[in-house]
Structures are given as structure tokens and as C-alpha cells.
Amino acid sequence: MDELLKRISVNPKVMLGKPVIHGTRLTVEFILGVLAQGDTIENILAEYPDLVKEDIQACLLFASRSLQDVDFMPLSVEG
């Protein structure tokens, strides 16, 4: 799994320091947003032929690891 994370890089000189797929200017945030809108991994790979499936998996893993130690407070109480 840690091998996947090597596909993500953070450089203050690239995309204002946002995490990107290494060697690209595609941010993790962008890829997650595209997936959240219902696009498929296959469509993303077709649109960006330099990417591979592991790049997308790395974005998902990065996001998952980023949230591991975060505590959330509810914005509203349902009930």
C-alpha cells in the first residue's frame, strides 16, 4: 500500500503545494471530485492517457490516510 503513496507528491511549487499525481498537475482533489461526480476510473484513464489505474488508487488511498486521525463534529443533530 505504501508503494501506491509514492505516486502522490507534494511540492509547494506545483499547484500551490496541493497533493498531485507524481509527474502531473492533476491534484488528488480533482480526481476525487471527478469520481464523486460519478465518472468512472476507465473514463478518467481515457481522458488522461498518461495515467494508470494505480494513480487513481493512490488518490483514494491518500485521501483515506489523510482522514485517519481526523475527528469530526456533527454540523447538526438529527433526531
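For the chain, find the longest principal axis of its Cα atoms and tell me its angle to the long axis of helix 53-67, 0 to 90°, nearest 10. Approximately 30 degrees, to the nearest ten.
Taking the Cα centre of the chain as origin and assigning +1 to Lys and Arg Cβ atoms and -1 to Asp and Glu Cβ atoms, the resulting dipole is close to 360 debye. Since only L26, F72, L45 are under comparison, the one whose Cα sits farthest along the positive direction of the charge dipole of the chain, derived from C-beta charges on Lys, Arg, Asp and Glu, is L26.
On the beta carbon distance between V77 and A46, with R0 = 35 Å, the FRET formula returns roughly 0.20. The aspartates and glutamates whose alpha-carbon is closer than 12 Å to the alpha-carbon of K53, local same-chain residues fewer than 8 away aside, are E42.
Coordinate-derived values only; no laboratory data. Every value quoted in this text rests on a predicted model; they were computed, and no experiment measured them. Note that we place each Cβ from the backbone using ideal geometry, even for glycine, and neighbour counts take in every protein chain shown.
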